[in-house]
Each structure stands twice: as structure tokens, then as C-alpha cells.
Amino acid sequence: MKNFTALFFTIASLIPVPNKMDLLNQSTLILATILFNIFPLPVLANYNAVEIIRDSSKGDNVSLKVRVVDDERIPIRGLTTENFEVKTTLPDGTEEILKQPDIRLIPPEKAKPDPTYLVILLDMSGSMKHEDDSGTIKLRGAINGVQAFLEDIEAQNLPLKVALVPFGEGCYNDYPVTQEIIRESLESRPYRKTKSFLNKLARVDVCAATNLYQPLTEAVEFLGTEERFQANSSGIIPRLGVILFTDGFDADDDREREEKRFQELKNTLQQYNHVTVHTMGYGESLSQVYKRADCDLYLSRNERTVNNLLRWCYIEGKDIREFIVDQDRLEEIARTTGGISRFPENAQEVIDSLNTFLTTLREYEITYQQPGAEKASSYETQVIVNSDTHRLNNLASNSITIRLKNFLYQPLSLCERLSILFITIILGIWGKNQFNQWSQHLKQQAKRNLNS
């Protein structure tokens, strides 16, 4: 990572610059290059790089679901028991640090995933008929990626229900999005029918415009308000998520209203903050589009926005709007909900990005016996992660309160219940036989008394 970053700054510092302001920026890059090569690069982990997702207990045995992510919120895999510590605060105020062998770790690929409901919003705008940088039609690349995604879900036998919802408006192949359409897709299309539906979509002559914010609002509100997406009988709340798959931007003709519409969308995302939105922008970055466009005004890197490219730039013989991906908005949407944003440029990167989204459904599971446990007591608990390999240094999770039930009484297992039932039946049969024998004995004795 350090070498890559240093190389990036080195290349950037050698690019010719056209004016004095850029010359100053280039000098800054050169200085940054020197510093990156001299000093170690710190881990770019945010405040919740380690997060306790859920806790449960049975007696004095505690189980924690723990997520560990990098600075892009991509799950970190390959950690072992040696990388984890559990710090627990006892009622008397003392602290204990639990390490191996006092804790047991189940890696994400072996941990049982939570039930999940997922809405995939698939862009069916006219720009999806263009080729990506590998020469694949983007609609075909997207559909192949989603098909591979569904096959992975089936192969791993994940408890995940998917609603595939195409979106786009403004032409003869319209795909409006409402909560009722999402509900119908979730209920009526198992994986086999979804794959058939994808093959049908692959043959569509796409021509719609990208109405980005309205379909996403519908999907988030649907997941956020449905009563069935509540805790199940085991007390586990299903995961709720959206994958927004687009190669464009919110293409309303009135760009001056875009900021207002986006703020309304953010308000919805924050209102239903238990719904995670992952975003995927399929295509070129704004800088790539700028470099191959003809522009009436020089735009610095920070000035290469959607609005500026629409105002000052054009591509000969083509509509520049069909090549613009609003990375800034897509990144902010994902960041607001704790999701991941990815920007594939070809079909293989689409598959890789969807695989990355799939990894967010599994976490590490830590189990341990609570030291000094007392019935009906509470303990403040944190998970701490250290890993030289992944350059994680003393990263602590949020602190949660573990409440133990009255573990002197524990629910019986199925085996224990069956054993009790079996013994009860045996005792019942034996008791009935004893009663019958006693009854017969009394009758015989009564007969003898009468005969005498």
C-alpha cells in the first residue's frame, strides 16, 4: 500500500502543468512523495472499522458477531484467533482481557449468516448499450455479473431473498419503480425465474433515461417500513440492503433542482438507517470522460463535476450524457448508509464488485465464557483487533452492554426434552401396569372374602 501510494504521487508529480497554480500543486505532490517514502503509511481505518453487530448469550456463554473492515468498508478476511481480544468490564469495575485460548473464533466463511432481503436496482438506460473498456456491452456485462451473483448465493445456500428491479423512464421500454413492483418481484421471482428474467432483459433495446433518486427512495422506504422485516422467533433482525447498479447520473433536465432532490434522498437514507445501500457505477470516471471530450473551458481535477462537464464539454458525434457516471453522489449514498461503493470499468470487475458486496453478509463470530458471571448481570464489552499482516493496530470496537439472563435456569435442548418425554412415557406405562395389578389384586381379594 505504501509503495503503491508513493508511486501514485511520483507519477502525478511528473505530469506537465499548464499554469502557476498547478505548478504549486505539483510542488506539493513532490513533497508528499518524499514524505510517503520516508515515513510509514498509517492504517486508513475509520472509527467503526471494528464493529460488534450482534450479541447473544446462553447461560454464561457469550457469542459476538464482529465485522472488521478497511477504510473503504470492505470486509477484511484472513484474521485468526490471535488477532482478537475481548475486553470485558465486570460489575465491580475491574477489567479482564480475554485472548486465545479463552476465546473461540469462527471465520466468516464458516459462520452462519443472518437472513437477508436485498433489492437490486438495475439501470436500463440507453447508455447501457455502449461497450465497456473490455469491449462488452455494459447491459450484458451487468446481467452476467448479477447471474454469477445469484449462482454464488445458491452455491453458498445463503438465507437471502432477492428482488431484481430494472429502472429507467422516458422511452418505449419504460421501467417504472414503485413499492408494489418491488414487493411483487420479491415474492414472485425465485432464483430460477430471476435468471430467466435477466435473459429477457438482455434482449431489451435500452433507451430510457436514468432517474436515479426516485427508484432508490422507493426501495429504501419499502425495506424500511415492511412489518415482516422485523426480528424473527430467535430475535434476529434480518439484514436489509440495496445494490444500486448504474452507469450514469440522475438525468433530470433541470440540473438546478438536483441538489434539492439529493438532499431529500439523503433524508430518506438517514431515516431508514438500518437499510444499507451499496452502489456500483459502471463506466468511466469523470476525469476519463473529460480527457477524451472537447471542452470550451479548462477544468482542474476538482472542477470536473457532472454539471461542469454537461455545461462545457462535448464528444463529437455522441451524447456526453451517456458516458457520465456520478461517482461523487454514488460514494456519498453508500457512505451515508455504511455501504460500499465500487466503480468497475469492465465485465470482470462487475463480477468482482458483486462478490465484494456478498462478503458483507458474513462476519467473524467470537464465543467465550464470561468471567465472574453472575445471574441477571450486565458487562461492558469491547473487541480489539491487532494484525501486522493487515496493518491493524489496536483497533477497538464500539462498547456494548452484555446482559446475562438468569443462567441458573437454561432452556432444555431438543435431546434433553426427548429424553424427558421418553422417561415420562416409560414411567406412565409402568405406573399403569402397577395400577392394573393392584386393581386385579383387590378384585380377587374381594371375591375370596365373598366366597368365604
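The values are calculated or read from the model by the stated rules, or taken from the named source; none is laboratory data. Since we're looking at a predicted model, the values are computed, not measured. Glycine gets a Cβ as well: all are built from the backbone with ideal geometry, and neighbour counts include every protein chain shown.
Taking the numbered list (1) at pLDDT 90 or above; (2) in contact with a Phe, Trp or Tyr (Cβ under 6 Å, 6 or more places away or on another chain); (3) among the charged types (D, E, K, R) in turn, LYS87 passes all entries but (2).
Of all the residues that make up the stretch 294-333, how many are closer than 18 Å to GLU131 by Cβ, free of Cβ contacts under 8 Å to residues at least 60 places away in the same chain and touching a helix residue (DSSP H, G or I) at 6+ places or on another chain (Cβ under 6 Å)?
0
The number of residues in the stretch 171-197 that are under 18 Å from HIS130 (Cα atoms) and out of contact with any Cys (no Cβ under 7 Å at 6 or more places or on another chain) comes to 0.
Scanning the stretch 98-153 for residues that are within 25 Å of TYR368 (Cβ to Cβ) and outside any loop (DSSP other than H, G, I, E, B) gives LEU98, ILE103, ARG104, LEU105, ILE106.
Filtered by the rule that a residue be of a type in the set (Lys, Arg) and surrounded by 13 or more Cβ atoms within 10 Å (Cβ to Cβ), the stretch 150-197 gives LYS161, ARG183, ARG189, LYS195. The strands (runs of 3 or more DSSP E) falling completely within the stretch 308-419 that include 3 or more residues that are among the β-branched types (Val, Ile, Thr) map to 378-387, 400-403. Among the residues of the stretch 364-380, how many are of a type outside the set (A, V, I, L, M, F, W, C) and modelled with pLDDT of 95 or more? Number satisfying all stated conditions: 4. Name the single residue, out of those in the stretch 206-256 being assigned to a loop (DSSP other than H, G, I, E, B), crowded, with 16+ Cβ neighbours inside 10 Å and among the small types (Gly, Ala, Ser), that is modelled with the highest pLDDT. Here the residue is GLY248. For the stretch 67-88, state whether one or more residues are within 17 Å of GLN382 (Cβ to Cβ) and more than 28 Å from the chain's Cα centre (by Cα). No, the conditions are met nowhere in the stretch 67-88. Checked against (1) farther than 30 Å from ILE53 by Cα; (2) at pLDDT below 95, ASN273 passes all but a single condition, namely (1).
On the basis of being surrounded by fewer than 20 Cβ atoms within 10 Å (Cβ to Cβ), in contact (Cβ under 8 Å) with a residue 12 or more places away in the chain and of a type in the set (A, V, I, L, M), does ILE120 make the cut? When the stated conditions are applied, ILE120 does not pass them. Just to verify a result, which residue in the stretch 167-209, among those that are over 25 Å from GLU227 (Cβ atoms) and of a type in the set (A, V, I, L, M), is nearest to the chain's Cα centre (by Cα)? Top of the filtered list is LEU198.
For ILE402, only one of the following conditions fails: (1) at pLDDT 85 or above; (2) farther than 30 Å from ASN83 by Cβ. What is its number? Here ILE402 clears every test but (2).
Residues that are over 27 Å from the mean Cα position of the chain (by Cα) and either among the aliphatic types (A, V, I, L, M) or in a loop (DSSP other than H, G, I, E, B) (or both) are absent from the stretch 268-281 altogether.
Would you call THR88 of a type in the set (Ser, Thr, Tyr) and not assigned by TED's automatic domain parsing to the domain that holds ALA396? For THR88, the condition - of a type in the set (Ser, Thr, Tyr) and not assigned by TED's automatic domain parsing to the domain that holds ALA396 - is not met. Picking from residues in the stretch 154-174 that are touching an Asp or Glu at 6+ places or on another chain (Cβ under 7 Å) and assigned to a strand (DSSP E or B), the one that is nearest to PRO238 (Cα to Cα) is PHE167. In summary, GLY93 fulfils each of the numbered conditions (1) in contact with a His (Cβ under 9 Å, 6 or more places away or on another chain); (2) in the same structural domain as ASP388 (by TED's automatic domain parsing) with the single exception of condition (1).
If you filter the stretch 123-149 down to residues that are surrounded by fewer than 21 Cβ atoms within 10 Å (Cβ to Cβ) and basic (Lys, Arg), you find that the one that is farthest from PHE249 (Cα to Cα) is ARG140.
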